[in-house]
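Colleague: Below you will find the structure I want to go over with you.
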Amino acid sequence: MSEDAKADVKLDLSGVMCPMNFVKTKLQLEEMDEGQILEVIIDEGEPVRNVPRSVKAEGHKVLELEEVPDGHYRLVIEKADV
Amino acid sequence: MAFTDEQLERYSRQILLKEVGGAGQKKIAAAKVFLIGAGGLGSPSALYLASAGVGTLGIIDDDVVDLSNLQRQILHSTKTINHSKVESAEETISKMNPDVKVNKYTGRLNSENILDIIKDYDFILDGSDNFPTRFLVNDACFFLKKTLISGSIFRFEGQLTTLRPHNVENGPVPCYRCLYPEPPPPGLVPSCQEAGVLGVLAGTIGIMQAAEALKEILGIGESLAGRLLIYDALDMSFRRVRVPKNPNCHLCGPKPTIHELLDYEISCTMPSPG
Ligand SMILES: [Zn+2]
């Protein structure tokens, strides 16, 4: 997927701790349709270890996870039918 | 209805559950639950339903807080002795979760008032301490097609079941009268003040009533309808026994003989010796 994947919704969750970052990701995904793309920005450390794993555990697809400047990560998720 | 950040944080640990999520939390917030009695069973039920974010809790009790209640009625405290139980309950609940709307009813349920009082609630939790109320509540819930979650405790044993004879999606299920057709004659069983009980048992059963209520609100899991859960604190054992619908039940059977609410005599007296 290209650098600027066409996200339907973007959420900046930098500075948001676990588990609230995943709670907000999950609630956003609930509002979206199957196949839509959500892009979230999360912190390094605990968030980047936990959020992608929790997203997968709920059955969604992690399309991309890449480091971006300032110690953040960009996580691209495809909403699954769950 | 959107949640504030504070609400998201307060409920985050259950929103995280796949079976709850934001949609489930909204159902919980929209739910109206009625508690019969702010005593041993009603206390833990109310506290956990309130902490889970149940939007509206109705509570009825005609009593004031007595020192002897505090061994098990954890809504109340030494500070609220002699205060009305529903006032004391509201105070405790709103301190814990101001999101919850508490509707207070002081008095006793009877055949004249019960339908009007409970008609706007989705689920009814019976934590009453006497048979006349149990039968009245069962009959009223049957007529109004409300799901009733019934709990009782005695000495070291507790019982729990969900009664929803109107819901036949998993086959016919009983009402309370299918289990116990009539109240026992007054004086035959010790009730109310005379019966001893291990206080913590009220917590166990009351919390399980709250768990059943949350499952009903969310529409998840397997309901206890058609089963009676019997808990023995001395053995630390749980038994789950099937309780079938009584095909000849006077209330929910095909040829009912009970067509209106009845007031039975409330008696707290033990049989006189000799
Ligand atoms: Zn019946």
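Colleague: Ordered by residue, what ³J(HN,Hα) values in Hz, to whole numbers, does the stretch B:17-24 give under the Karplus form 6.51 cos²θ - 1.76 cosθ + 1.60, where θ = phi - 60° and Gly and Pro are x?
Modeller: Once rounded to whole Hz, the list reads 5, 4, 6, 10, x, x, 5, x.
Colleague: Is the shape of chain B rounded, prolate or oblate, going by the alpha carbon gyration tensor and its root eigenvalues a ≥ b ≥ c, with a/c under 1.5 for rounded and a/b larger than b/c for prolate? List each step's numbers first, then the result.
Modeller: Numbers: a/c = 1.56, a/b = 1.19, b/c = 1.32.
Oblate is the answer for chain B, as a/c is 1.5 or above yet b/c matches or exceeds a/b.
Colleague: Straight distance only, please: which aspartates and glutamates reach the Cα of B:LYS215 with their own Cα at less than 19 Å, same-chain residues fewer than 8 apart left out?
Modeller: B:GLU19, B:ASP122, B:ASP126, B:GLU169
Colleague: When the Karplus curve 6.51 cos²θ - 1.76 cosθ + 1.60 is applied with θ = phi - 60°, which whole-Hz ³J(HN,Hα) does each residue of the stretch B:101-109 get, with x for Gly and Pro?
Modeller: Running phi through 6.51 cos²θ - 1.76 cosθ + 1.60 with θ = phi - 60° gives 8, 9, 9, 9, 10, 9, x, 10, 6 Hz.
Colleague: Output the antiparallel fraction of DSSP beta bridges having both residues in the protein assembly as shown, as a percent to the nearest 5.
Modeller: For the protein assembly as shown, the DSSP antiparallel bridge percentage is about 55.
Colleague: Hey, which lysines would be in cross-link range of A:LYS61, C-alpha to C-alpha under 20 Å, not counting anything within fewer than 8 residues on its own chain?
Modeller: Qualifying lysines at Cα under 20 Å: A:LYS6, A:LYS10, A:LYS24, A:LYS26, A:LYS79, B:LYS18.
Colleague: Further question: Could you list B:GLU212, B:GLU6, B:GLU157 in order of exposure, starting from the residue whose Cβ has the fewest other Cβ atoms within 10 Å? Don't skip to the answer; put the middle values down first.
Modeller: Details: B:GLU212 25, B:GLU6 9, B:GLU157 17.
Fewest-to-most ranking of B:GLU212, B:GLU6, B:GLU157: B:GLU6, B:GLU157, B:GLU212.
Colleague: Given an 8 Å cut-off on Cα distances and at least 6 residues of separation, report the relative contact order of chain B as a percent.
Modeller: Dividing the mean separation by the residue count of chain B yields 19 percent.
Colleague: Assuming R0 = 22 Å, can you tell me the calculated FRET efficiency for the pair A:GLU46 and B:LYS18, based on Cβ-Cβ distance, to the nearest 0.05?
Modeller: The computed FRET efficiency comes out at 0.55.
Colleague: Which shape class, rounded, prolate or oblate, goes with chain A when its Cα gyration tensor gives a ≥ b ≥ c as root eigenvalues, a/c under 1.5 marks rounded, and past that a/b bigger than b/c marks prolate?
Modeller: Details: a/c = 1.70, a/b = 1.22, b/c = 1.39.
Taking the square roots of the gyration eigenvalues as a ≥ b ≥ c, chain A is oblate.
Colleague: With a ≥ b ≥ c the root eigenvalues of the C-alpha gyration tensor of the protein assembly as shown, is it rounded (a/c under 1.5), prolate (a/b larger than b/c) or oblate?
Modeller: It comes out prolate by the Cα gyration axes.
Colleague: For B:GLU265 and B:GLU222, FRET efficiency with R0 = 35 Å and r from the beta-carbon atoms, rounded to 0.05?
Modeller: Efficiency for this residue pair is about 0.40.
Colleague: Quick check on the stretch B:9-168: of the DSSP beta bridges with both residues there, what percent are antiparallel, nearest 5%? It would help to have the intermediate numbers written out before the result.
Modeller: Numbers: 8 of 27 bridges.
Taking every DSSP beta bridge within the stretch B:9-168, about 30 percent pair in antiparallel fashion.
Colleague: Order these by the 10 Å Cβ neighbour count, fewest first: B:LYS95, B:LYS101.
Modeller: Values: B:LYS95 9, B:LYS101 14.
Least to most surrounded, the residues fall as B:LYS95, B:LYS101.
Colleague: Under a 5 Å amide H to amide H cut-off, with H placed in plane at 1.01 Å, what residues pair with B:THR147 once short-range neighbours are removed?
Modeller: Placed amide hydrogens put B:ILE124 under 5 Å from B:THR147.
Colleague: Tell me, what HN-Hα J-couplings in whole Hz come from the Karplus equation 6.51 cos²θ - 1.76 cosθ + 1.60 at θ = phi - 60° for each residue of the stretch B:223-237, using x for Gly and Pro?
Modeller: 6, 7, 4, x, 9, 10, 9, 10, 10, 10, 6, 5, 8, 6, 10
Bear in mind these aren't lab numbers, they're just calculated from the coordinates by the rules spelled out. Just so you know, these numbers come straight off a predicted model, no measurement behind them. Note that we place each Cβ from the backbone using ideal geometry, even for glycine, and neighbour counts take in every protein chain shown.
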